[in-house]
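Asks: I have a structure here, written as structure tokens, and I will follow up with some questions on it.
Bear in mind these aren't lab numbers, they're just calculated from the coordinates by the rules spelled out. What you are looking at is a predicted structure, and each value in this text was computed from that prediction instead of being measured. Note that each Cβ is placed from the backbone with ideal geometry, even for glycine, and that neighbours are counted across all protein chains shown.
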Amino acid sequence: MDKLFHLWVYLETTPLLGLAATLVVYRFAVMASRAAGGHILANPVLLSIGTLVLLLLATGTPYAAYFQGAQYIHFLLGPATVALALPMYSNLARIRRSAGAILPAILAGSATASLSAMLIARALGAPREVVVSVAVKSVTTPIAMGIAEQIGGDPSLAAAFVLITGVSAILLAGPSLWLAGIRDPRARGLAGGTAGHGLVTAHMLLTSETAGAFGGLAIGLNGLITAIIVPLLATLVVR
Amino acid sequence: MLNALTLLVLCQFAGEVIARFIGLPIPGPVVGMVLLLAGLVLRERYNGAAPPAELRSTAGGLLSHLSLLFVPAGVGVVTQLGVVGRNLLPIAVAIVVSTFLGLVVTGWVMQRLSRAEDL
């Protein structure tokens, strides 16, 4: 028993534990998702995050200790974002041909999402920091944290909202786009990337390279547009 | 794989330097993505060459597990359970409804403005 305790204390101080836990949990989540026939609630990201959060709470492990190991996986997000240039390159002719539609679509979607999020949160009595932080929920984490800080929100709260939004968008994208009669892979990808950033783009990339390419484009453009319009919208909603 | 990974990291590095230097509100990796895309376009224009097979396979490998890479940051929600729990209803309704609206509005405008023959 004593030996086991010492082993645990040692493992807790190495990055190996967080790294191994993330990979093993994700591997099982992918298996579970396949076993569930790809049911949307059995999404690997949703299952992995849920399981790891429960594990951290059950063992009383602080997030910082977990992240010490998990950061090696997190770091690969940078090179993977750069790698989105390849599906975009394959779809460049398509992107050029619909260039005139892309900016109005992202602008409309971005403004709708930010404004409705702030107004609903305010109407339901959320405190100011929540109302302001929820405005940036649709953009990729580093941009969201930067804008949240600038407009008086809480960066780490914004990061949590970005995640909740991504997971919601994975669950909502299929049924809502289907209901609205949106079948065009360009429109689906752009909608996913604008409303649900990289999480939805990663999900869509598995079934359509075109949707993935437009998703990747939307992540970048929506980040830029949101950084410009959200500070203005926030001053209208919160004073 | 080594060359491709080096190229991806160098693009990210250059993107980071450019974004900080100009003070762009865009993350370095997104600028890096634009740089790599520009590089691939120039290569095609002056060399007539497609992206190297090695780069395609490394990028494909990274992108096929893109979801995994979001897990560590996602688990960070554990640090905000208090605030989220206290405001569960406003947060849940605001996020679900606004995400639905964002998806449908973006998709609808895009589908209306783009022509089917351009696909």
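Asks: If you average the C-alpha positions of region A:124-203 and of region A:1-78 separately, how far apart do those two centres end up, in angstrom?
Replies: 24
Asks: Shape call for the protein assembly as shown from the C-alpha gyration tensor, a ≥ b ≥ c root eigenvalues: rounded (a/c under 1.5), prolate (a/b greater than b/c) or oblate?
Replies: Details: a/c = 1.56, a/b = 1.13, b/c = 1.38.
Oblate shape, in that a/c is at least 1.5 and b/c is the bigger or equal ratio.
Asks: With chain A treated as a Gaussian network of Cα nodes joined by springs under 10 Å, which of A:37, A:220, A:152 yields the largest mean-square fluctuation?
Replies: A:37
Asks: Which value at 222 nm does chain A reach when only helices count, each DSSP H run of 4 or more adding -39,500 (n - 2.57), with the total divided by all residues and rounded to the nearest 500 deg cm²/dmol?
Replies: -27000 deg cm²/dmol
Asks: Ok, one more. Spelling out what I want: for every residue of region B:110-115, take phi, set θ = phi - 60°, compute 6.51 cos²θ - 1.76 cosθ + 1.60 (Karplus), and round to whole Hz; glycine and proline get x.
Replies: Rounded to whole hertz, the list is 4, 5, 5, 8, 9, 8.
Asks: Next up: Calculate the FRET efficiency for residue B:18 and residue A:156 from the Cβ-Cβ distance with a Förster distance of 30 Å, rounded to the nearest 0.05.
Replies: Plugging the Cβ-Cβ distance into 1/(1 + (r/R0)^6) gives 0.65.
Asks: In a GNM of chain A with a 10 Å cut-off on Cα contacts, which of A:57, A:84, A:171 has the highest mean-square fluctuation?
Replies: The residue with the greatest mean-square fluctuation here is A:57.
Asks: Same structure, new question: Would you mind checking the tilt of helix A:63-75 against the longest principal axis of the Cα atoms of chain A, expressed as 0 to 90 degrees and rounded to 10?
Replies: Computed tilt is about 60 degrees.
Asks: Taking R0 as 25 Å, what's the FRET efficiency between residue B:118 and residue A:208 from their Cβ-Cβ distance, rounded to 0.05?
Replies: Once rounded, the FRET efficiency stands at 0.95.
Asks: Step through the residues of region A:110-118 one at a time and calculate ³J(HN,Hα) from phi using the Karplus curve (6.51 cos²θ - 1.76 cosθ + 1.60, θ = phi - 60°), rounding each to whole Hz and writing x for Gly and Pro.
Replies: So the J values, rounded to whole Hz, are 5, 5, 4, 5, 5, 5, 5, 4, 5.
Asks: Still on this structure: Exposure proxy check: A:190, B:40, B:81, A:205 ranked by fewest other beta carbons within 10 Å?
Replies: B:81, B:40, A:205, A:190
Asks: Hey, in the GNM for chain A with a 10 angstrom Cα cutoff, which one of A:118, A:145, A:31 fluctuates hardest?
Replies: With Cα springs under 10 Å in chain A, the top fluctuation among A:118, A:145, A:31 is at A:31.
Asks: Arrange the following residues from fewest to most other Cβ atoms within 10 Å of their Cβ: A:128, B:45. If you can, show how the numbers build up before the last one.
Replies: On the way: A:128 13, B:45 9.
Fewest-to-most ranking of A:128, B:45: B:45, A:128.
Asks: Once the dipole of chain B is set up with Lys and Arg at +1 and Asp and Glu at -1 on Cβ about the Cα centre, which of B:67, B:92, B:29 lies farthest towards its positive end?
Replies: Looking along the dipole axis, the top candidate is B:92.
Asks: Taking θ as phi - 60°, what are the ³J(HN,Hα) couplings along region B:46-56 by the Karplus curve (6.51, -1.76, 1.60), each to the nearest whole Hz, with x for Gly and Pro?
Replies: So the J values, rounded to whole Hz, are 9, 10, x, 9, 6, x, x, 4, 4, 5, 5.
Asks: Fewest first, what order do A:67, A:28 take by the number of other Cβ atoms within 10 Å?
Replies: Exposure proxy ranking, most exposed first: A:28, A:67.
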